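Right, one structure below, let's go through it.
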Amino acid sequence: MRIVAVSTLKAFWEQPIYRDAEQPLKAWFEEVSHANWRQPADIKAQYGNASILKNRRVVFNIKGNDYRLVAAVSYKMQLVFVKFVGTHRAYDAIDAETIELA
């Protein structure tokens, strides 16, 4: 899979308060970069705790569920679009099915 908006991940972990997210986000990036997802079941097979939502959205738990990452997945084009990364509190304030990068 090709990941779009990697800068969003980097901008998040570069904030001093979220430095602990750097290695888990890099690990997620590495794993997803080598994935070949053709359908939501492929994601669930790799990430059993991922939540599959409407609008091709998937919510991943990062760093033992300390953070959430919302992505839109284009299975046909083999693309993963990062839409959001943040704390549970920030996640609770968004609509994961419609959020877009600002």
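The condition (being among the aliphatic types (A, V, I, L, M), in a loop (DSSP other than H, G, I, E, B) and surrounded by 12 or more Cβ atoms within 10 Å (Cβ to Cβ)) is satisfied by just one residue among Ala27, Ala72, Ala35: Ala35.
Of Phe12, Phe60, all but one fail to be modelled with pLDDT of 95 or more and in a helix (DSSP H, G or I); the exception is Phe12.
Anything in the stretch 30-78 that is of a type in the set (Lys, Arg) and either closer than 26 Å to Ile17 by Cα or free of Cβ contacts under 8 Å to residues at least 12 places away in the same chain (or both)? List them, or say none.
Lys44, Lys63, Arg68, Lys76
Which ones in the stretch 41-52 are open to solvent by 50 Å² or more (accessible area, probe 1.4 Å), assigned to a loop (DSSP other than H, G, I, E, B) and not small (Gly, Ala, Ser)? If the condition is that a residue be open to solvent by 50 Å² or more (accessible area, probe 1.4 Å), assigned to a loop (DSSP other than H, G, I, E, B) and not small (Gly, Ala, Ser), then Asn49 is the only one that fits. When you scan the stretch 94-102, do you find a residue that is within 16 Å of Val6 (Cα to Cα), of a type in the set (A, V, I, L, M, F, W, C) and assigned to a loop (DSSP other than H, G, I, E, B), even just one? Yes: the stretch 94-102 contains one or more residues that are within 16 Å of Val6 (Cα to Cα), of a type in the set (A, V, I, L, M, F, W, C) and assigned to a loop (DSSP other than H, G, I, E, B). Within the stretch 71-93, the set of residues being under 13 Å from Ile3 (Cβ atoms) and among the aliphatic types (A, V, I, L, M) comprises Ala71, Ala72, Val73, Met77, Leu79, Val80, Val82, Val85. Taken over the stretch 5-24, the residue count meeting the criterion of being of a type in the set (Val, Ile, Thr) and open to solvent by less than 50 Å² (accessible area, probe 1.4 Å) is 1. Checking the structure you have, find out if any residue of the stretch 34-56 is modelled with pLDDT of 95 or more, closer than 20 Å to Thr98 by Cα and among the hydroxyl-bearing types (Ser, Thr, Tyr). For the stretch 34-56, residues modelled with pLDDT of 95 or more, closer than 20 Å to Thr98 by Cα and among the hydroxyl-bearing types (Ser, Thr, Tyr): present. In the stretch 2-25, the residues that are free of Cβ contacts under 8 Å to residues at least 40 places away in the same chain reach residues that are open to solvent by 50 Å² or more (accessible area, probe 1.4 Å) with C-beta atoms within less than 7 angstrom, at least six apart or across chains, in these pairs: Trp13/Arg19. On the stretch given as the stretch 28-44, residues that are out of contact with any strand residue (DSSP E or B) (no Cβ under 9 Å at 6 or more places or on another chain) and within 13 Å of Phe60 (Cα to Cα) total 1.
The values are calculated or read from the model by the stated rules, or taken from the named source; none is laboratory data. As the structure is a prediction and not an experimental result, all values here were calculated from the model. Note that we place each Cβ from the backbone using ideal geometry, even for glycine, and neighbour counts take in every protein chain shown. Accessible surface is based on the protein model in full, side chains and every heavy atom, while ligands, DNA and RNA are left aside. Shrake-Rupley method; radii C 1.70, N 1.55, O 1.52, S 1.80 Å.
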